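> This is the structure, below, for whatever I ask next.
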Amino acid sequence: MVFLAIDQATTTGWAVTDDSGNILGSGVWHLADRKRTGESRGMRYIRFETELNRAIEQWKPSLIVHEQTLLRGGDATEIANGLKALILKAAVEHGIEVSCVHTSELKKWATGDGRAEKPAMIKAAMGFRLFQWDAPEYHPLIDDNEADATLIALWASSKYGVFPSPEWPEKKKAPKRKRPGRTGQG
């Protein structure tokens, strides 16, 4: 199986892995509209659709995996949902299955902490990539978008393929403190 992972945003990260977790390719697509030239806001969607179809034709994925869109409101949510719609459209047109991963699930898988910050995610992606530095498609990570896409692809290789999941020690929960106050009598 081949997995195409998408971290959809104005700068979209993408990565391709096989079911063993070999990183076959990765990079970013710059989709920001060019306001200074008078370009329409819709051009980002045309650029995304073009790049997505190009990636599908090149890599022939059996599954597209993307980061689940979070509804925070504003432009970011509008863009993420528009790009997600194009992922679903392309998948239908090419007969490809689609899956998504929630941000906190991906963070927990990659770092052991479901609330990990960007630097920890980049470090995790770099750690996985170090084992493949001699691969023909290897290059240093461009940014956090490519890092996230790499981790999404590896997560898919782990969930749907044979790539082993990282094992993290269980965090010990702090004991519950007794609350002062009522004794139950009275």
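The values are calculated or read from the model by the stated rules, or taken from the named source; none is laboratory data. Because the structure is a prediction, the values reported are computed rather than measured. So basically every Cβ, Gly included, is an ideal-geometry build from the backbone, and we count neighbours across all protein chains shown.
> Might you check whether a residue that is surrounded by 16 or more Cβ atoms within 10 Å (Cβ to Cβ), charged (D, E, K, R), under 14 Å from Ala149 (Cβ atoms) and in contact (Cβ under 8 Å) with a residue 40 or more places away in the chain occurs anywhere in the range 113-134?
The answer is yes, given that some residue of the range 113-134 is surrounded by 16 or more Cβ atoms within 10 Å (Cβ to Cβ), charged (D, E, K, R), under 14 Å from Ala149 (Cβ atoms) and in contact (Cβ under 8 Å) with a residue 40 or more places away in the chain.
> Name the residue, out of Ala125, Ala156, that is under 22 Å from Glu51 (Cα atoms), among the aliphatic types (A, V, I, L, M) and either at pLDDT 95 or above or not in a loop (DSSP other than H, G, I, E, B) (or both).
Every option except Ala156 fails the conditions.
> Same structure, new question: Tally time: how many residues in the range 12-30 are within 12 Å of the chain's Cα centre (by Cα) and hydroxyl-bearing (Ser, Thr, Tyr)?
Count: 2.
> Answer with yes or no whether Lys84 is charged (D, E, K, R), touching a residue at least 12 places away in the same chain (Cβ under 8 Å), farther than 16 Å from Trp14 by Cα and assigned to a helix (DSSP H, G or I).
Against the criterion (charged (D, E, K, R), touching a residue at least 12 places away in the same chain (Cβ under 8 Å), farther than 16 Å from Trp14 by Cα and assigned to a helix (DSSP H, G or I)), Lys84 does not qualify.
> Quick one: would you say Trp109 is outside any helix (DSSP H, G or I), buried (at least 20 other Cβ atoms within 10 Å of the Cβ), in contact (Cβ under 8 Å) with a residue 24 or more places away in the chain and among the hydrophobic types (A, V, I, L, M, F, W, C)?
no
> Taking Glu117 as the residue in question, decide whether it is more than 23 Å from Gly161 (Cα to Cα) and modelled with pLDDT of 95 or more.
Answer is yes for this residue.
> Applying the selection to the range 97-111, what residues are over 17 Å from Gln8 (Cα atoms) and aliphatic (A, V, I, L, M)?
Passing the criteria: only Ala110.
> Now a separate question. Looking at the range 107-130, which of its residues are of a type in the set (Phe, Trp, Tyr) and either more than 13 Å from the chain's Cα centre (by Cα) or at positive phi (or both)?
Phe128
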